[in-house]
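Structure, as structure tokens:
No value in this document is a laboratory result; all are computed from the given coordinates. Every value quoted in this text rests on a predicted model; they were computed, and no experiment measured them. Here the Cβ positions follow ideal geometry from the backbone for every residue, glycine too, while neighbour counts run over all protein chains shown.
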Amino acid sequence: MYGFVGAGELTTAIVEGLSAGVAEPPPVFLSPRSRSVGQELASRFPNVRVCRSNQDVLDSASSIVLAVRPPSAQDVLQDLLFRPEHVLLSALSGVRLEQLRDWAAPAAQIVRVIPLPQAARRQSLTVVYPDHAVARELFERVGGVLVPREESIFELFSAATATFAAHLDYLATIACWLTDHGVDSEAATAYTTHIFGQLGLSLAQQTGSLAELTGKHMTPGGLNEQFMSQLRNEGVPDVVRGGLDQVLARLRGAE
């Protein structure tokens, strides 16, 4: 059984992945925060219950997923009474194991995790550190697990997830360019979504490097090469690296 402190989008995605279409889903206990979200999940899945309080979540389950906003995490945790046998799975970005152990004492089994929204479809490759049987059991139910060799590497994966909105903004720019040149906005969005959705399927099936996949999508002197070369000449890759460096510095500054 699993308890969730925090009831946002990530919690919703994980609970859906654990419960939807599953013959014997595990019992799930939800935080009363965002009660409407919890009640909606409980109305859909009989294995889900909304608790009276965060402490009720801890009293009902020994495996606890923490999915609150990092600035409020200390206040949330220090109001709770943990037991030594609790396993805390923290989805907080930038809050290191040492700090979590202090806030959640006497619970000593602390694991940092990076679940993805694709957990709702059981397709999340969740980064987990350190390796732990409870974390593996949970996140393999909603996709797969990747375990870095040390916590500093975990932070790199966390930084990489900061690129989601920028990627979607890039796609929105392409759709807007089509619209600016006379394409109907719905058709522009549908086409852009389709071509990059299909590209995503290619990524999921790719066994080689991303560089190899890039080569397969352009020909020497072709239009894809022209566009990519212009972005490189404009310094876009350096901007991406610089942005990731700043995100990583922010994450590590929260140590």
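R0 = 51 Å: FRET efficiency of Asp75 with Leu210, Cβ-based, nearest 0.05? Efficiency computed from Cβ-Cβ geometry: 0.80. Calculated translational diffusion coefficient of the chain (4 °C, 1.567 mPa s; Stokes-Einstein with Kirkwood radius over alpha-carbon pairs) equals 63 µm²/s. For the range 189-255, the pair-distance distribution built from all alpha carbon pairs, in bins 10 Å wide starting at 0, is 16, 30, 38, 14, 2 percent.
Note on the chain: with a GNM built from Cα contacts shorter than 10 Å, the maximum mean-square fluctuation among Ala105, Ala42, Ala211 falls on Ala211. Taking other Cβ atoms within 10 Å as a rough exposure proxy, Ser31, Ser63, Ser152, Ser124 sort from fewest to most as Ser152, Ser63, Ser124, Ser31. Multiplying the residue separation of Ser229 and Glu85 by 0.36 nm and subtracting their alpha-carbon distance yields 46.3 nm. Rounded to the nearest 20 debye, the dipole magnitude of the chain is 440 debye, with +1 charges on Lys and Arg beta carbons, -1 on Asp and Glu beta carbons, and the Cα centre as origin. Would you work out the relative contact order for the range 106-255, in percent, from Cα pairs under 8 angstrom that are 6 or more residues apart? Computed value for the range 106-255: 16 percent relative contact order. Using equal-weight Cα scatterers in the Debye expression, the normalised intensity of the range 91-203 in log10 at q = 0.15 Å⁻¹ is -0.77. Contact order for the chain, expressed relative to its length and based on alpha carbon pairs under 8 Å spaced 6+ residues apart, stands at 15 percent. For the range 2-147, relative contact order (Cα pairs under 8 Å, six or more residues apart, normalised by length) works out to 23 percent.
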